[in-house]
Amino acid sequence: MNEPYSFRLKEIKPELSGYLREAQLLLKASGMPDEKSVHDVRVLMKKARAVLKLAGPQLEKEWFEKNIGALRESGRLLSGLRDTSVQRRILKELRKEHPSLFASLRDNEKINLLLRKPDHLNINAEYLTGLVLKTEDLIQKTGYRIRFEPMDKLDARLQFMELEKTYEDVIAI
């Protein structure tokens, strides 16, 4: 006989915990995370939100919204660091392509500041440290909440349906 269609999804909790643990390690690896670490932490927060959204309809709404918000905020806090490095890279490419334009902009302090190496940026170190510490704190608190949230009775079929909805939304775009 034909066997019924079956599928197997990974457990949600270990995946979420793994993403959060990896993000914490990246943030604590050095005093101040480098560009790659910031990017990787932001990607991990996006992955964690995506995994959590699969189980969203089966979780308590208030708990779900609090944790999705915390994951979003932790990525947002680091966005300024990421944006600065991307802007620097774009400006350097533009400078190579249009040297005459940049010759006329050589006295522009904002552009000169962005074009300098990160070590020489005039950014308040206390402010950056505060952002990183706040991000670490958000990730740690979210990890604790996830750790103590019972997720062993989640229906895999409902998670799969959420995944299908997401896929259909993306295709529609």
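Just so it is clear, none of the values below were taken in a lab; they were calculated from the coordinates. All values derive from a computational prediction rather than experimental measurement. Glycine gets a Cβ as well: all are built from the backbone with ideal geometry, and neighbour counts include every protein chain shown.
Considering only the other residues whose Cβ falls under 12 Å of the Cβ of L44, what net charge follows from Lys and Arg at +1 and Asp and Glu at -1?
+2
Given K13/K153; K13/K53; K46/K153; K46/K66, which pairs have Cα atoms separated by over 19 Å?
Cα-Cα > 19 Å for K46/K153; rest within.
For M32 and Q140 in one chain, what is 0.36 nm times their gap in residues minus the Cα-Cα distance, to one decimal in nm?
Here the segment from M32 to Q140 would lengthen by 37.1 nm.
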